[in-house]
1. Do we find a residue being away from every other protein chain (no Cβ under 14 Å) and in contact with a helix residue (DSSP H, G or I) (Cβ under 6 Å, 6 or more places away or on another chain) anywhere in the range B:153-162?
2. Checking the structure you have, find out if any residue of the range A:369-381 is hydrophobic (A, V, I, L, M, F, W, C) and assigned to a loop (DSSP other than H, G, I, E, B).
3. Hey, among the residues in the range A:106-140 that are within 11 Å of another protein chain (Cβ to nearest Cβ) and among the charged types (D, E, K, R), which one's nearest to the chain's Cα centre (by Cα)?
4. For the range A:21-48, enumerate the residues that are surrounded by fewer than 16 Cβ atoms within 10 Å (Cβ to Cβ) and of a type in the set (D, E, K, R).
5. Identify, from the list A:300, A:322, A:328, the residue that is free of Cβ contacts under 8 Å to residues at least 60 places away in the same chain and surrounded by fewer than 20 Cβ atoms within 10 Å (Cβ to Cβ).
6. Which number in (1) at positive phi; (2) within 14 Å of chain B (Cβ to nearest Cβ) marks the one condition that residue A:157 misses?
7. Kindly establish whether residue B:72 is in contact with a Ser or Thr (Cβ under 7 Å, 6 or more places away or on another chain) and either in contact (Cβ under 8 Å) with a residue 60 or more places away in the chain or buried (at least 23 other Cβ atoms within 10 Å of the Cβ) (or both).
8. Does residue A:320 qualify as being assigned to a strand (DSSP E or B) and hydroxyl-bearing (Ser, Thr, Tyr)?
Amino acid sequence: MKRVFSTQAIQTAIEKSLPEFQKIVGNAAVRTQETIRRQFARDESHFIGPPPAVVLEPTNVEQVSQLLKLCNDRGIPVVPFGTGTGLEGGSMSILGGVCLSTQQITGEPVLREQDFVCSVKPSTTRIALNDAIKHSGLFFPVDPGADASVCGMVATSASGTNAIRYGTMKENVLNLEVVLADGTVLDTKGKGRCPRKSSAGFNFTELFVGSEGTLGVITEATLRVHPRPQFLSAAVCSFSSVHQAASTVVEVLQWSIPVARIEFLDSTQIKASNAYSSLTLREAPTLFIEFHGSSEKEVADQTEAVKDICQSHEALDFDSGASPEKMALLWKARHNAYYAALAMRTGARGFTTDVCVPISKLADVISETRADLDEHQILGTVVGHVGDGNFHVILPTIEEDKSEHRKIQAFSDRLVRRALAADGTCTGEHGVGLGKRKYLREELGENTVRLMHTVKKALDPMNIMNPGKLLPEL
Amino acid sequence: MKILVGVKRVVDYAVKIRVKPDRSGVVTEGVQHSMNPFDEIALEEAVKLKEKKLATEVVAFSLGGPKSQEVLRTALAKGADKAIHVQVSDEEASKLESFHVAKTLKKIVESEKFDAVFLGKQAIDDDSSQTAPILAGLLDWPQALYASKVEEGGDGHMKVKIPFVLSADLRLNEPRYATLPNIMKAKKKPLKAIPIKDLGVDIKPQTETIEVTEPPVRQAGGFVEDVAGLVAKLKEKGFVKA
């Protein structure tokens, strides 16, 4: 199955195929100008790669099917490209092949209100989806930060700050229309079907969630939508140590308090946020919590219960509020965290790590990571979705500094191995893409990696779908 | 203080507008519609005043075809107590002008005795921005247009005496979402429908639309090789002195 791609062979095959591409999608949708192709050469990761040889912009699933069939027949690699907001190089055309831009596959979101289900096309982004359905009182909760295309979020199995209550993409995708490498179009749960549960057949929907374009192109996603919370409130609490903060989180979960968001900022991040947003928070490990409920009493009760737990873990300050203004103020440090971290260093760009560990190991892993940063004198802050055991280190770096780049890569490598040693994963939400393939063997084990290849070979025997990503070499 | 809030059903801001082939207007059939965003802001401000106990009642109003009721139900779900729908046919609705809306609002204000009228500063379909000032003129009420903050008392800001007309600007507030329980409760809130002729308002159009066209297609630009080439082109086209 392993094809040896030479850039020249790919280039030649593409040049020969241009007239046929033009016949399928029309001349205007076959982009060969260098300035256009360069726009599709990178995502939000730090990898540098060549631009694709051509960018194709199909407008419907039939065109996608014909394009893939053609590329499959000729062994031309294809990389699907949504909004280019990925963080791991997943949508980069590292072999300079075909970039299949999905953003012209348009269509209004189709909402089935009483079924709590909405279907979207690839051009719909997260914010556009919520805008389109806001009149119904429903919302799509997965919020990874960027205004990513929803189908792209499916491909990377995205997550966000309220996963603790509403789930990640895995829990919120009911059905997918996908196009396989040979042009076959199928619906993972059957066309138009959206029962809330089913025992029929293999779970293909979740196979494609997180497949990062290696198994097919997603051309429509049917999603769960949820009622917007009637009442909200927020709380912020600082602690004397990371361990106290983490233990608080465990106890909150043990008490079954259905927090909507529970986020952690370490002292370094608090210091950065104070400077950036002119705040006066205590420079200590701090939890940021949000409560959702159907009555004011419900959120007030949740807040009281969490306050008690915090205080039993030597909380230093506890503040809470329910008005939109107070909530925004309480969460300001968390909202601006990324930019506050970058502001610590003039001219810096952000490098963000992403690991996830069992919650019982979280405090230790965060403490060891902090010790690692300090020992190697690396500037970085810790921001975590602690309810899930997932945390990010934000490293403001000067991109041009090669030795610093190496230092950070080494730190990131130690961090992943630390997470794996703690029974965790090399990526909580950003995906494997290019850079984390090397950890999958250790994380999943040889047999599981072999199974990945078996499945890949069955769906994409010519290995044209995003080759060089996600799967480690056999 | 009883507040009347005008809300208009318009083509949703995210829709790509297309001109009808006969150039008589824009395509509205089968296109997503929603409450005019500035009206959402006006409504939010009125509801906030009620929550602060500075207003006693918030009533939503719309002059439009049958589907305007959807927007009124949304207003009820977002905190309005009652709704008034002055009905016209879809055909009549397409020819309504700010003057007609203002005249209709005046009738409602006088018959139901409101103390203030909150409107969006303009509708995003016609961008007329006329209804609020025309209404203020007809009622001979003070007008607070493009309001970006509403407070009790305060110095350095314009003070208005009740009764008054207010038009809401973008920064006035962040409108709340309608939640499902409120949407369900809204179905039971009173919505009064009044055919336009019962109000005795003349809605004869004062303007005639002759043609609606898209802006001219943008001409393709040219590429230049380098800065020297750019400067030469600028001189050639007379943008820079040769």
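1. No: the range B:153-162 contains no residue that is away from every other protein chain (no Cβ under 14 Å) and in contact with a helix residue (DSSP H, G or I) (Cβ under 6 Å, 6 or more places away or on another chain).
2. Yes, because at least one residue in the range A:369-381 is hydrophobic (A, V, I, L, M, F, W, C) and assigned to a loop (DSSP other than H, G, I, E, B).
3. Once the filter is applied, the top-ranked residue is A:131.
4. A:23, A:34, A:38
5. A:328
6. (2)
7. yes
8. Yes; evaluated as a whole, the condition is true for this residue.
The values are calculated or read from the model by the stated rules, or taken from the named source; none is laboratory data. None of these values were measured; they are calculated from a predicted model. Using ideal geometry, Cβ is built from the backbone for each residue, glycine included, and neighbour counts are taken over all protein chains shown.
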